[in-house]
Amino acid sequence: MTARALAAAAALALALGAGPSQAEPVRVLLILPGAADPVAASLLDELVALGIIVEVEVSTQGDLPALARARSARAALRVDRARRAVEIWDAGSASVIRVAARPEERGGEAAGLALRAVELLRGRLIDVPSPSGAAPAAAAPSGAAPAAAAPSGAAPAAAAPSGAAPASAAPSGAAPAPAPPTPPKALAPEASRAAGASRTGGADAAPGRRASIGLHAGPSIMLHPGSAISPEGAAAAGARWRFTDRLDAEVIAVIPIVPATIDAQIGRARISTAMVGVGASIGLIDPQLPIAMRAGAGAGAGFLNYYGQSWTGDARGRDGTAAYVLPFARWDIGWQVHPILTLRAEALSGIAAPRPVIRLLGRSDVPFGRPLLAFNLVLEAGLR
């Protein structure tokens, strides 16, 4: 009996040792929102450290399960463009799970979010059954008799092929060993809430997602098509609140630097324009892309400062300030050059009301702001 027990134990150990080496390597699809993303870099490091084969795609759109199946991947992860969440799908999931960043993960957000996503994925991949459908021999419950105690006429359970039924090796009078219960899959609190929202038809399962805030500044040039006013140099600055992936609110300001001029035979007028306005814009293309395009509208309050200079003694220049209201439409296109930096080109077109008019002797009246065009090139830095 001792020799048979030792032989059965050795065969069992050999089968368990050979199982992992013969298993097919796990392939995972990782979809990045763009280059130099810290969450994606941390995810890649964690997955490679686990010995998982990772296929990387940049800004791939579409259904996550369909993308994974098309590339023969056991699972797929996609990083949200705002780097506040990671979407996960594996072969055992009925829906996509979303793991969101926690409020306290501001400093180490990338590493903490990536680690929790990989830990969740690893736990789910372990629970996916093997293609043969046979439970490992080592997973037998504690109440089952060990293989070494089988009668001499019975073949060791470890030596049976994976497709064979265990009951054929046991004597006719012996009851078959009960199948080991399947352990439940553990989900993180964020993931379980996301899965529940997906089942109920929720469009976005991210819990407590906050609006991002960004500050921008850069040079601006102001034009008055169809008038005798020369271009004006200015600086543009402002703040942007992103409420959703497609809806923004913005405060903008234009500060004069190089005044515009209007020339006449008897003198010259210099004008400087300042404006403060608020508006909203809507995204026009997929928010997962590193390039963003938006259109919107708003209104602002402007101030026209003028200063007249006479070439002769027959006329006298005047100076002063005129106020106006400027309803405007705006359009911009931006490129995310860094996870927290976006380079954006903006175009703004507005109509000043009531219409300021500049009068110079020797020429017709010059209307201001009909229309007023501003072109800005700004760099935006995200705060969160």
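The values are calculated or read from the model by the stated rules, or taken from the named source; none is laboratory data. Note that the coordinates shown come from a computational prediction; the quantities given were computed from them, not determined experimentally. Counting neighbours? That spans all protein chains shown, and the Cβs are built from the backbone with ideal geometry, glycine included.
A few notes on this one:
- Check on E346, of a type in the set (D, E, K, R), in contact with a Phe, Trp or Tyr (Cβ under 9 Å, 6 or more places away or on another chain), in a strand (DSSP E or B) and at pLDDT 85 or above: yes
- Residues (out of contact with any Gly (no Cβ under 7 Å at 6 or more places or on another chain) and either outside the structural domain of A297 (by TED's automatic domain parsing) or β-branched (V, I, T) (or both)) located in segment 328-383: I333, V337, V357, I358, V366
- From the list A274, A322, the one residue that fits, being assigned to a strand (DSSP E or B), hydrophobic (A, V, I, L, M, F, W, C), surrounded by 15 or more Cβ atoms within 10 Å (Cβ to Cβ) and at pLDDT below 90, is A322.
- Of all the criteria given as (1) surrounded by fewer than 16 Cβ atoms within 10 Å (Cβ to Cβ); (2) in a loop (DSSP other than H, G, I, E, B), the one not satisfied by R370 is (1).
- Consider segment 232-288 and keep the residues that are touching a Gly at 6+ places or on another chain (Cβ under 8 Å) and acidic (D, E). The one that is nearest to R359 (Cα to Cα) is E250.
- Matching residues, segment 307-319, being modelled with pLDDT of 75 or more and not polar (S, T, N, Q): Y307, G308, W311, R318, D319
- So R316, is it in a loop (DSSP other than H, G, I, E, B) and charged (D, E, K, R): yes
- Segment 287-305, residues that are crowded, with 19+ Cβ neighbours inside 10 Å and aliphatic (A, V, I, L, M): A292, L304
- Annotation for segment 330-339: no member residue is more than 22 Å from I213 (Cβ to Cβ) and out of contact with any His (no Cβ under 7 Å at 6 or more places or on another chain).
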